[in-house]
Amino acid sequence: MQMQIQGQIMGVKRFNGQIDGKTFDYCRVIVATPLDASQGNALGSSATEYDFGGSVNFEQFKGASFPFEANLTVELVTNGKSQKLKIIGFQPKTQSKG
């Protein structure tokens, strides 16, 4: 299931290599995520990492000035026990000048 969400991209990181003989190749986007304030025990936001495909996607962020607001296209996926969101695309929001 795909959906659009808005978020503040705080940073991005990549890895492409081996650890203990296992190959890893990923890009992770760090997005500001509101804390659940409904119980009165948390305020503000935290940083959440979302998978964004392979390390090649890191190149899309070269030259970006962090943090920045973006429209994120995400996909809800499951392993049968838990669900998570994966970013499948993003579009930086343009600042209106006035």
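Read-outs throughout are calculated quantities, based only on the coordinates presented, and are distinct from any laboratory measurement. Small disclaimer: the values here were computed from a predicted structure and weren't measured. For neighbour counting, all protein chains shown are included, and Cβ atoms are generated from backbone atoms with ideal geometry for every residue, glycine included.
Table for the structure above
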| item | result |
| --- | --- |
| Cα centre as origin, Lys/Arg/Asp/Glu Cβ charges: region 5-66 dipole, Debye | 160 debye |
| Cβ-derived FRET efficiency at R0 25 Å, MET10 paired with SER82, nearest 0.05 | 0.60 |
| Once exposed loop trypsin sites (Lys or Arg not before Pro) are cut out (DSSP; at most 13 other Cβ, 10 Å), longest piece of the chain | 1-61 |
| Among GLY89, GLN6, SER65 - extreme Cα towards positive end, dipole of the chain, charges at beta-carbon | SER65 |
| Whole-number D in µm² s⁻¹ for region 22-75, Kirkwood Cα-pair radius fed into Stokes-Einstein, 4 °C, 1.567 mPa s | 97 µm²/s |
